[in-house]
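Taking it in order: structure first as structure tokens, then the write-up.
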Amino acid sequence: MPDLAIIAAGLGDAFSPVNLSMAFAGVVLGQFVGAVPGIGPVIVMAIAVPFTFTFEPLAAIAFLVGISKGGNVGGAIPAVLINAPGTPDAAATALDGYPMARAGKPLKAMKLALYSSVSGDTFSDILLITVSAPLALVALRMGPVEVVCLMIFALSIITGLVGDSLGKGVAAAAFGLLCAMVGLDPEHASPRLEFGHFELDNGLSLPGVAISMLVTSEIIYQLATRSATAAAVPLPATRGDDDARLSRAEFWRCRFTLLRGGAIGATIGAVPGIGSSAAAFLSYASAKHASRKRRAKPGAAHEPPLPDFGKGNPHGIAATESANSAVVGANLIPLLTLGLPGNVGAALIISALLIQGIQPGPLLFAEQGRLIYGLFGLMLAANAANLIVGQFGMRLWVLVVRAPASVIFASSLLLCFVGVYSATGDIFGIKVMLLFSFIGVFMRFFGFSVVAFIIAFILGPRFELSLSQALTITNRDPMALLAHPVGIAFLLLALAAVYVFGFRRHAAQS
Amino acid sequence: MSGRAPQVERLLGLFTAACGLAFAVAVIPRQTEAFDYGALAPADVPLGAAWTMVGAGLAQAARPRGQGEREAYDFAVLRRAGLLLGLCVGAAMLMQWRGFVVAAPLLAAAVMLLVGERRPGWLAVGIFAVPALIWATVTLLLARPLP
Amino acid sequence: MKTSLKTFIAALALFALGAGNAAAQWKPDGPIRLLIGFGAGGSTDTIGRIIAKRVQENTGWKVIAENKPGAGGVAMSRLLVQAKPDGRTIGMAVTEAIAINLVQRGDKLNFKVDSFDYIGTVGVAAVGLLAAADAPFDDIAGMIAHAKKTGNLTVGFNGKGPELITRALANVGGAPIRPVPTKSGGEVIQNLLGGHIDAGYAAGPQVKYIKNGDIKLIAPLTRDRHSYSPGTKTLVEQGFDFAIEPYFYLAAPKGLPRKARKALVREIGRVIDSGEVAEVIRNSMNTDIKNLGPKGTLDQMKRSLRSNDALLQAAK
């Protein structure tokens, strides 16, 4: 049991004006760069890390965590407004957020995203603060066999997210997996599918592919299909009533979705290497499933009907934003207890800790208790800052997108070029981006799920690595799986998901 | 030009299967190495993905679906998108040759004119103000290079 | 919101430009680019960025750190060798990763060991072979014997060198020792603690766990023993003539003007010897500053080529 005096001292440090303003500054910066399509919070964190060496440790971490948390909230804004997520994590937010904004409720959609995000984040922060030590032990038991089964389950969820053609959806996912295989293979470090380009040794860059598939191709597709001289986001003439307000009852109705999203995000976040995009889609698929069940119940008739999923259902926004934000807090569990980063942002936080002489690991809580509780206090403060900054930020962005679509989309295209160049450091990255923009436009036009492609692309490398690990460890003996009941459970869940989302749904349609 | 949806869906299935097959029999074997040790060969997962594409494409060809609510595909959209992408490719080449400062305003101008923007004020914002703002933010404030 | 962001960034920028201006005879006619051969967030990235920042503060030269990740520094070296040798482009990478690529596919690369003017090294990563504290072996011989007994001994690795060492040990010992790929030394330690693998390699993060008593060092892969466990014999000392010595080094394209070269060697050397970089590298890598200088870095590079060549033969 940690010493109460240490906790009190840590919280006292957290609420010092300097530390609070660092967290606040980080959130402001993070929300801004998260909301600009093409440029993510990671680049800003990378620039900030060397400067944090001159800060006090707590202020340094507060600043970086602020950027990371702010970026998570900011990424949802362009997803809602122009269907182009600022970060891949917000890709699922666009599924319902954008239709809601098109229906004339952009502020409501952004508010719901903001509140869901902060709820999920706070949920997983509280989990981190209270039970991170036992959770870390559970995560330690998750070996390669369990992880590969979890990845198979996550991939099987794709069948629940594709449109009305299972064949096209699965093909899109398989192509995403294939693209994820470009580069050195994990076991032999032998170049694959590189066509002689050394630049591809580390694979097709995730920012390059994600930006082109999710943003560039969407912008081009929209420019090709709609009138570009009108405002980018049409707002209703009468402002203020149903759009601007998100009533308490509306939010309260999403409570189970939020809770489920928080739990899914926290679980995925506690296992390093799976990531928030997968959590967001898992949560989305399960909310969709739950809503179908709810509708089947006769007692649900007294509630006013909600739009379908994919057409502006608030549960879709609540599910994805609560889950992808819950990953951020839970990601710190393996980070602080084992020193394992869950994503690049977390890796940057580790390097900031390391240059301060703070080694994440089993002794961290004993040696740096005061710092850790200070960090926990600041994480909660950053969530509050997210709420405050978000209120102003979303109004600013709503003003910005009243400019004509031609200006907004042309500028976003330029930002994609700049973002990819900064992320990959090379003109080659831009060439990759253009190639995948072609593919993305083709897929959008012919109704192949871009989302299925992206999930498979993001999960692909970890799936292959875990598969290779699991095969080596079990010496390719399938019977060895019997010693891994958790893995078997995930495989059964995957089968159930394919049956429920894939075959039964499609059988019901025909 | 437009295409009736069910036929297009069937063709898409066949196209997908053909792509998968090309990867499985031609591209992947040539672009991967074989090893006599290890648990998972470099070609294993890519081949799995390629054959999945073949299977999914054939399923789509056999029972065509996925046109959603549209009755036909409007290929004019694809043509306009192709033109816009062509502009982006040109801009990338210009960026490599002459740099961001030359290429960015030209790309913005071409895109905006192509989609029908004619109001001088908005054109000025898109062509001059935004690229200048991006350039200033990235090179001056963030001290990051631009192409 | 916009103004507070701008003031903040402006403050950061001012901070970066300010402070200190040592008199140096050579002056770059423009900003210096420091190309870091790895992505954001790793130890090379951190060390490179600190060096860039300190050189800028000491000299007033503008130094911009850029990430050029890909193939363990090969992508960066390919760019570096094409840059103009005027002192305005320097690169940072790790010796072993470059050496193994030169050995394995040197014919396809546009550079060789002597394509660069070396500036110096920062330190050598403390890479070692580890096992969980309760593993039934304490040295390599014991590990080989244990592998023969159980029929499958798994060793987590990250990077080509450790993979080759694993397979070389399997060949030499005639034992079923199998390499398991991982993404980082941290992941190796996680799998060791969780009991999923039998042994594995890490270069730094193991130190805390060894002091804590959860992990033990079986053998350092460097030629020198590690300061945190001075009693453990190196792989070479245990009778297996394989070594991996990943030095972080800085280099410029060949043909630097003498003045520029002297100024860069002096200023970067001064920063490396300064307390701040020493502290960062000790904190993040659990190792000490070791600057081999221009000549020493070239020699180390050549030694690394030879040992990787031998390792590749032994692993066949």
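In this structure, residue C:108 and residue A:15 have a Cβ-Cβ separation that, at R0 = 56 Å, corresponds to a calculated FRET efficiency of about 0.45. Compared with the dominant principal axis of the Cα atoms in chain C, helix C:140-150 is inclined by about 50°.
Placing dummy labels 7 Å off each Cα toward the beta-carbon, the span from residue A:141 to residue A:392 is 4.8 nm. Label sites at residue C:306 and residue A:475, each approximated as a point 7 angstrom past Cα along Cα to Cβ, lie 4.0 nm apart. Expressed as a whole number of Å, what is the distance separating the alpha-carbon centroids of the range B:76-147 and the range A:462-498? Result: 48 Å between the Cα centres. Take each residue of peptide A:100-106, count the partner chain Cβ atoms within 10 Å of its Cβ, and average: the result is 0. Answer rounded, prolate or oblate for the range B:2-70, using the Cα gyration tensor with square roots of eigenvalues a ≥ b ≥ c: rounded when a/c is under 1.5, else prolate when a/b is larger than b/c, else oblate. In terms of gyration-tensor shape, prolate. Computed extension gain for residue A:133 through residue A:225, at 0.36 nm per residue and net of the alpha carbon distance, reaches 27.9 nm. Each label point was placed 7 Å from the Cα along the Cα-to-Cβ direction; for residue B:51 and residue A:400 their separation is 4.8 nm. Projecting the Cα atoms of A:499, A:229, A:101 onto the charge dipole of the protein assembly as shown, computed from C-beta unit charges around the Cα centre, puts A:229 farthest toward the positive end.
Which of rounded, prolate or oblate describes the protein assembly as shown when judged by the alpha-carbon gyration tensor and an a/c cut-off of 1.5? Judged from the Cα gyration tensor, the protein assembly as shown comes out rounded (a/c under 1.5).
Remark: the residue A:290-residue A:492 segment gains 70.8 nm on full extension, using 0.36 nm per residue and subtracting the alpha carbon distance.
Taking amide hydrogens as placed 1.01 Å from N in the peptide plane, the amide H of residue C:117 sits under 5 Å from those of C:252, C:254, C:255, each at least 5 positions away in sequence or on another chain. For the range A:14-164, the orientation-averaged shadow of the C-alpha convex hull comes to 11.6 nm² (one quarter of the hull surface).
Per-residue Karplus couplings for the range A:277-282, computed as 6.51 cos²θ - 1.76 cosθ + 1.60 with θ equal to phi - 60°, are listed in order as 4, 4, 4, 4, 6, 4 Hz, Gly and Pro entered as x.
A Cβ-based charge dipole, computed about the Cα centre of the range A:101-160 with Lys and Arg at +1 and Asp and Glu at -1, lands at about 420 debye. Close amide H pairs (under 5 Å, H built 1.01 Å from N) link residue C:178 with C:153, C:154, C:155, residues at least 5 positions away or on another chain.
Converting phi to 3J(HN,Hα) with the Karplus coefficients 6.51, -1.76 and 1.60 and the offset θ = phi - 60°, the range A:471-487 yields 5, 5, 5, 8, 6, 6, 9, x, 5, 5, 4, 4, 7, 10, x, 4, x Hz in sequence order, with x at every glycine or proline. Can you classify chain A as rounded, prolate or oblate using the Cα gyration tensor, where a ≥ b ≥ c are the square roots of its eigenvalues, rounded means a/c under 1.5, and otherwise it's prolate if a/b beats b/c and oblate if not? Note, shape of chain A comes out rounded. Charged side chains reduced to their Cβ positions (Lys and Arg at +1, Asp and Glu at -1) give chain A a dipole of some 1760 debye around its Cα centre.
The 3J(HN,Hα) values that the Karplus relation (6.51, -1.76, 1.60; θ = phi - 60°) gives for the range C:25-40 are, in residue order, 5, 8, 10, x, 8, x, x, 8, 9, 9, 8, 9, x, 9, x, 5 Hz. Gly and Pro appear as x.
Amide H contacts of residue C:244: C:222, each under 5 Å away and 5 or more positions distant or on a separate chain (H built 1.01 Å from N in the peptide plane; Pro and chain starts excluded). On a straight-distance basis, which lysines could pair with residue C:183 in a cross-link, Cα separation under 23 angstrom, same-chain partners fewer than 8 positions away excluded? Straight-distance partners of residue C:183: C:68, C:160, C:208, C:216.
Charges were assigned to the Cβ only: +1 to each Lys and Arg, -1 to each Asp and Glu. The resulting dipole of chain B about its Cα centre is roughly 540 debye.
All of the numbers you see were taken from the coordinates with simple rules; none came from a lab. This structure is a prediction, so every number in the text was calculated from the model and none was measured. Counting neighbours? That spans all protein chains shown, and the Cβs are built from the backbone with ideal geometry, glycine included.
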